[in-house]
Structures are given as C-alpha cells and as structure tokens.
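K.L.:
Once you've had a glance at the structure underneath, I'll fire off some questions.
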Amino acid sequence: MKITLKDGSSKEYASSMSVIDIAKDISEGLARVACAGEIDGERVDLRHVVDKDCTLSILTFDDKGGRDAFRHTTSHIMAQAIKRLWPDVKLAIGPSIDDGFYYDIDSERPITEEDFPAIEAEMKKIAKEDLKLERFELPRADAIKMMEDAKEPYKVELIQDLPEDAVISFYKQGDFTDLCAGPHLMSTKNVKAVKLMKVAGAYWRGNEKNKMLTRIYGTSYTKASDLEDYLTKLEEAKKRDHRKIGKEMGLFMMADEGPGFPFFLPNGMILRNELMKYWREVHYRNGYQEIETPVMLNQSLWITSGHWDHYSENMYTSMIDDEMFCIKPMNCPGSILVYKNQPRSYRELPIRYAEVGLVHRHEKSGALHGLMRVRAFHQDDAHEFIAMDQIGEEVEHIVKLINEVYEKLEFKYTIELSTMPEDHMGSLEDWEKATNGLKSALEKMGLPYEINEGDGAFYGPKIDFHVEDCLGREWQCGTIQLDFQLPQNFDLKYTGSDGAEHMPVMIHRVVFGSVERFIGVLTENCAGKFPTWLSPIQVKVLPISDKYFDYSEKVLEKLKSAGIRAEIDTRSEKIGYKIREARLQRVPYMLILGQKEEEAGNIAVRSRYLGDEGSKDLDAFIKDLRVEIDERIMRKEEVSEQAEK
C-alpha cells in the first residue's frame with residue numbers, strides 16, 4: 001500500500017494502518033499535534049483505517065481542516081456540558097465556524113452569558129475525563145429510533161431529511177452521543193483552552209417561520225496563550241469596528257426603514273468617490289471601457305442567464321405591464337447585452353467592459369452586518385470577452401491589475417482556486433478546460449494557491465483573492481471567473497481570422513467585490529486613519545482663539561484653492577479640545593494658528609504621522625501635500641496616539 005504525503009514524499013506499508021499510526025511512523029511529534037486526516041481530499045478521523053493507495057495529509061491545528069475538527073469536538077463538549085447541567089435541553093446543530101464554533105439549542109430555561117462560567121467549568125471536567133470519541137453508523141430506522149428515545153426532535157428531523165443513500169453516523173463520548181459526520185479528535189483531553197463568547201437568537205434551519213433557538217458561540221485553541229492572543233485581537237477588532245468608526249467619522253448610516261440598505265453620508269461619499277477615482281484610473285490605463293447597465297431587467301433575461309433557476313430566492317422582483325422584471329443581483333447579463341449590441345471581430349478581442357453596478361441581493365435579516373453584509377451594494381465588475389487562446393495571457397493581465405491595487409492599499413493576499421460545485425451548468429469537459437486555464441495561468445506566474453473543492457460559481461471555476469488585514473483576518477474580495485456557459489446561453493459570437501463564427505470565452509472579474517464591504521474592511525484595517533488621499537477631511541485649521549480667525553480663513557481659502565479638503569474649527573473651545581476632536585475624526589493634518597504664525601505668515605503643523613512637525617511655510621506645505629495626495633503616498637505613522645496625548 002503506497003501512501004503519498006502532501007510534501008510529495010511517499011510511504012509504503014504491507015498492510016492497512018490507521019491515520020494516527022501513519023502519523024506516528026512519520027514523526028511522534030506530528031502524531032501528538034494531529035487533529036484529523038485528509039485522504040484524497042476527504043477529511044477523516046485519526047482512527048480511520050487506510051487500506052489502499054491514496055494521498056494523505058495529516059491535519060494539525062495550523063490547517064483549516066485540523067482547526068475545524070478541533071473546534072467541532074469543542075462544540076460537542078459544550079453540548080455535553082449543557083446536557084449535564086440542564087438535561088431537558090434539546091440539541092439542534094453545532095458546527096465549527098471561522099474562529100470558533102456554535103451550538104443551537106432549544107431550552108425552556110433561558111440560557112444567558114451569566115451561565116457561561118458554569119458551562120465552561122463543566123467543559124473543563126469533560127476534558128479532564130479524557131473521554132474517547134467513537135464513531136459508529138446506524139441504519140435510518142435505528143438512527144431515528146435512537147434520537148426519538150433520546151427525545152431529540154431536531155436530530156430526528158435532520159435524519160429524516162438526509163438522502164436515502166446517506167451514511168448516518170454518530171459520535172459517542174462517555175454518556176453523550178450526537179448525530180455527526182465528523183471528523184473529530186480522538187479524545188476530549190486535548191481541548192483545554194476554551195472561551196464561550198456570546199449568546200444570540202437563530203431560527204431553526206435559518207427559516208424565520210421556524211422556532212427561534214438559542215445559539216451559543218465559543219472558540220477554542222490548543223494553547224492558552226493563543227486563546228489570550230485571540231481575545232486581545234478581538235478587543236482591538238471592537239475598537240476598529242467599521243460601524244463604530246463610521247458613526248464617529250460620519251461615513252455611513254443605517255435606517256430602520258431600509259434594513260441592509262446603507263446610506264452614505266457626505267464624508268463617506270468623499271471616501272468612496274476617491275477610491276473609485278483611483279479604480280477608474282487603473283482600469284483606463286489597463287484598457288477597460290466603462291459602461292452602465294440598467295438596475296432592472298426583464299425576467300426572461302435572467303431565465304436565459306440561468307440566474308432565475310439558481311438565484312431567484314435572492315432576487316427582488318416587480319410586475320410592470322403584466323410582465324415580471326427583476327432587480328439585478330449581478331451585472332453580467334447587462335454586459336452581455338452590450339456585447340451583443342453589434343457584430344464582433346477577433347480584431348476587437350479582448351473586449352474589457354468595466355461597470356460599478358448597483359446590485360441587490362436578498363439576505364436574511366439575521367445575516368446583515370454594517371457594510372460587510374448588506375442587501376444593496378456596488379460591485380466593481382468587469383466582464384471580458386476573449387478568444388480561447390487568450391485565457392492565460394488575460395488572466396495574467398487581471399492578476400497584475402489586482403496586485404497593483406492591493407499593493408497600493410498595502411494589503412497582503414492569498415489565492416484560492418474554487419472548482420465545480422454540485423449545482424452547476426455545462427459539461428464536465430468545459431469545466432475541466434476552464435479550471436485548467438486558471439491553474440496554468442497561476443502556475444506560469446509562480447503564484448501559490450490553494451484548491452477550494454466545489455466552491456466555484458454555478459457557471460464556472462474561479463480564482464478568489466483573500467486580503468489579510470492588520471489583525472490577521474482574511475476577507476474574500478477579488479475574483480476571476482471563467483465562463484463558457486453564458487456565451488453559450490446567449491449565443492455570443494465573433495468573426496475569427498478564418499471568416500467563421502466562433503464563441504468567445506467570458507471572464508467575470510472584481511477587484512474590490514462589494515465596494516461597500518471593501519470600504520468596511522479598509523476602515524477596520526486602518527482604524528479609520530485613511531491615507532491622506534482618501535481622508536474625507538485632509539486638513540483641519542485650528543485657530544487658538546477668535547483673534548486669529550481672519551488669518552485662519554485666509555489659510556483655509558488657500559488650501560481649498562489648491563484642491564485640498566480642509567475645514568476650520570471656529571468654536572470657542574480650548575485648542576487642546578479642538579486637537580482631540582480632530583484626532584477623533586482621524587484628520588491627517590492639523591494647522592495650529594496663533595500670534596506667532598500670523599506674524600510670521602506661516603503655520604504650525606501637527607500630523608497623524610509624526611505628531612508635532614513644527615513651523616512651516618504655507619506654500620511649501622501645500623506643495624508637499626499635493627505631491628502626497630496626487631501620488632497617493634501612504635505615509636507611515638511614527639508617533640503613537642498615547643504619545644500625542
């Protein structure tokens with residue numbers, strides 16, 4: 001039996017072996033930190049027996065699959081602890097999620113955060129008991145009976161809804177058994193660093209018509225020090241919450257009259273417009289033509305595109321003259337109509353249409369979150385129409401553009417290649433061709449990437465760009481999707497050099513994704529301290545007293561004449577208070593003006609970057625500032641906020 005490991009090396013064994021035994025054979029150290037295994041892309045328990053040639057990865061907490069197994073086990077430990085404390089509680093679902101886990105429960109007794117110490121204490125007991133997690137399978141009828149006997153109605157419903165040929169598996173740890181596909185850790189003893197985070201409401205199966213359950217969130221780590229680091233980052237994340245900063249800086253607001261539909265305020269519009277001005281410059285330089293397509297189009301278009309079959313539950317509709325129209329959830333069908341507007345030749349390819357289109361997608365109210373999860377947003381789309389032999393070159397061109405934008409905004413990123421989902425359009429041959437086209441382009445550029453099996457769009461595989469913020473969180477923003485399906489659905493053609501008609505390949509591509517979401521990510525990444533070129537207010541003029549208002553007004557007028565976004569604070573407040581207010585607004589530059597400055601005809605500069613920058617000539621300051629803005633220079637902050645106080 002030949003086992004190929006993820007580093008490309010291989011091991012051969014005369015007989016079958018468990019994953020944990022193979023891990024021990026590789027290294028005792030690896031076996032000690034192993035959480036699960038992955039055989040030919042499928043995650044399994046460490047006790048799983050390998051009996052044939054395969055590719056094997058030993059997953060640790062450093063791997064996503066390992067973390068999922070670790071935290072999924074923690075959710076079972078929490079459920080067991082809750083059942084010990086309150087036996088009448090009914091269990092629903094308890095998966096691992098990014099940064100932790102949750103469990104949905106149905107309890108007549110309200111469970112609140114005040115109960116967390118008792119639950120955590122019971123979880124620690126369960127960990128110390130070193131309970132082995134044992135997997136077993138049952139036929140459907142036996143599985144249903146077992147859960148009925150245990151008085152677990154939600155588990156019964158889950159089993160009843162499984163496909164007829166589904167494997168129905170359970171995990172047992174001591175006196176606790178739960179319906180679960182796994183994988184899990186081998187024992188509860190490995191889960192030592194746990195923190196329960198919050199309680200929320202969640203409808204059973206996400207359906208607002210169903211009962212509201214109690215959702216308990218938590219997280220867990222292999223080391224207490226790592227948990228402490230995470231909690232520290234979480235506190236920092238609260239300070240950086242874009243909803244809090246957005247309110248302080250007057251960027252955006254939400255209203256009860258339109259949940260999930262953000263309102264951009266004057267400062268927020270400046271930020272968005274400056275960001276998109278840069279976006280347009282980059283796209284014009286890279287050969288894109290900007291278009292705008294209607295927000296609402298006839299249902300027949302969405303049926304042809306396939307969106308109606310795959311996405312209708314997320315679309316808003318309206319009847320006009322007895323015909324159904326749909327508010328667009330995506331921009332692509334509109335771009336296709338622009339392409340079809342006239343005959344096309346191979347000489348025009350690649351055709352690159354860019355559109356900052358307003359799209360609407362229905363999200364459940366419980367999923368809405370500031371600018372990060374909304375129902376209406378601007379998508380910075382581009383749709384490209386190319387010949388088959390242009391795929392590699394064009395994908396490379398797009399990756400370079402995305403890299404330029406992310407580097408300018410100082411975001412690191414990772415790349416993920418998502419392959420064919422179960423719910424897809426088109427032939428396997430087309431999917432294979434498209435996927436290989438993306439792979440070869442990335443490999444030609446020497447870019448590392450991970451495969452995300454089955455997470456492509458329904459019409460084609462895609463490359464996702466995950467930007468990493470200063471807290472180490474990843475956000476999926478940029479995307480490149482190859483599409484052979486929509487050109488076929490809409491019968492797109494171009495005349496080739498041979499005089500015959502050919503079908504183009506379509507590329508769907510975004511840099512920011514949702515512009516609103518990207519602004520939220522950018523806000524949290526820099527804690528609202530935007531680079532000067534993006535800052536809504538670039539300079540705040542602060543007269544020490546009303547005696548210097550006239551001089552301050554002249555300074556303000558000169559700044560504005562130079563195209564600098566400047567404001568003056570003429571309130572009868574002490575200068576220290578005015579400085580603190582400007583700092584709260586994250587203004588890059590403050591000009592302190594008093595008798596000395598007026599007599600010398602200059603300014604005293606205090607910046608977010610260096611603190612007190614001393615006395616400067618106004619014209620020289622304006623000249624330097626214009627260079628900083630025009631060249632979009634990202635100055636580094638070299639003075640701490642504490643030092644400034």
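K.L.:
In nm, what is the difference between 0.36 nm times the number of residues separating Glu422 and Lys277 and their Cα-Cα distance? Write out the running numbers ahead of the final one.
P.N.:
Values: separation 145, 0.36 × 145 = 52.20 nm, distance 3.91 nm.
So the extension gain works out to 48.3 nm.
K.L.:
Next question. Once you've got the Cα coordinates, tell me which of Lys238/Lys400; Lys547/Lys578; Lys412/Lys636; Lys189/Lys238; Lys90/Lys192; Lys132/Lys233 are over 23 Å apart.
P.N.:
Values: Lys238/Lys400 34 Å; Lys547/Lys578 16 Å; Lys412/Lys636 17 Å; Lys189/Lys238 32 Å; Lys90/Lys192 25 Å; Lys132/Lys233 33 Å.
Over 23 Å apart, Cα to Cα: Lys238/Lys400; Lys189/Lys238; Lys90/Lys192; Lys132/Lys233.
K.L.:
Follow-up. Under a plain spin-label model, where a point goes 7 Å from the Cα along Cα-to-Cβ, how far apart in nm are Ser169 and Ile39?
P.N.:
1.0 nm
K.L.:
Check each of the GluC sites (Glu not before Pro) in the stretch 158-246 and keep only those in coil by DSSP with at most 10 other C-beta atoms within 10 angstrom; list them in order. List each step's numbers first, then the result.
P.N.:
Numbers: sites: Glu164, Glu208, Glu228, Glu235, Glu236; in loops: Glu164, Glu208.
Answer by residue number: Glu164, Glu208.
K.L.:
Right, another one. Calculate, for Asp149 and Lys211, the FRET efficiency according to 1/(1 + (r/R0)^6) with r their C-beta to C-beta distance and R0 30 Å; round to the nearest 0.05. Before the final figure, lay out each step's value.
P.N.:
Details: r = 22 Å, r/R0 = 0.73.
Taking R0 as 30 Å, the efficiency between Asp149 and Lys211 is 0.85.
K.L.:
Okay, next question. Return the distance in nm (one decimal) between the two label points of a simple spin-label model at Gln476 and Ala181, each offset 7 Å from Cα along Cα→Cβ.
P.N.:
1.7 nm
K.L.:
For the chain, what class follows from the C-alpha gyration tensor (a ≥ b ≥ c being the square roots of its eigenvalues): rounded when a/c is under 1.5, otherwise prolate if a/b is larger than b/c, else oblate? Write out the running numbers ahead of the final one.
P.N.:
Working: a/c = 1.89, a/b = 1.33, b/c = 1.42.
Verdict is oblate for the chain.
K.L.:
Same structure again: Using Cα-Cα distances under 8 Å and only pairs 6 or more residues apart, what relative contact order does the stretch 539-644 have, in percent? Display every interim value, and only then the final one.
P.N.:
Values: 144 pairs, mean separation 26.5, N = 106.
Result for the stretch 539-644 is 25 percent.
K.L.:
Could you name the aspartates and glutamates in cross-link range of Lys2, using Cα to Cα under 16 Å and dropping any fewer than eight places away on the same chain?
P.N.:
Straight-distance partners of Lys2: Glu12, Asp21, Asp25, Glu38, Asp40, Asp51, Asp53.
K.L.:
Here is a further query. Report the calculated FRET efficiency for Ser561 and Glu113 (r = Cβ-Cβ distance, R0 = 45 Å), to the nearest 0.05.
P.N.:
0.20
K.L.:
Separate question: Sort the stretch 335-390 into rounded, prolate or oblate with this rule: let a ≥ b ≥ c be the square roots of the eigenvalues of the Cα gyration tensor; rounded if a/c is under 1.5, and if a/c is not under 1.5, prolate when a/b is larger than b/c, oblate otherwise.
P.N.:
Numbers: a/c = 3.88, a/b = 3.01, b/c = 1.29.
It is prolate, given that a/c is not under 1.5 and a/b is the larger ratio.
K.L.:
Additional query: As a check on your grasp of the helix formula, calculate [θ] at 222 nm for the chain: sum -39500 (n - 2.57) over DSSP H runs of n ≥ 4, divide by the residue count, round to the nearest 500. Could the numbers behind the result be given before it?
P.N.:
Values: 21 runs with 228 residues, N = 645.
One gets -10500 deg cm²/dmol as the mean residue ellipticity at 222 nm.
K.L.:
Something else now. Among the listed pairs Lys198/Lys529; Lys247/Lys408; Lys6/Lys64, give every one whose C-alpha distance is greater than 19 Å.
P.N.:
Numbers: Lys198/Lys529 29 Å; Lys247/Lys408 26 Å; Lys6/Lys64 15 Å.
Distance filter (> 19 Å) returns Lys198/Lys529; Lys247/Lys408.
K.L.:
Any chance you could run the full-extension gain for Glu396 through Tyr346? It's 0.36 nm times the residue separation minus the Cα-Cα distance, nm to one decimal. Write down the numbers at each step before the final one.
P.N.:
On the way: separation 50, 0.36 × 50 = 18.00 nm, distance 1.98 nm.
The Glu396-Tyr346 span can extend by a further 16.0 nm.
No value in this document is a laboratory result; all are computed from the given coordinates. What you are looking at is a predicted structure, and each value in this text was computed from that prediction instead of being measured. Cβ sites come from the backbone with ideal geometry, for glycine too, and all protein chains shown count toward neighbours.
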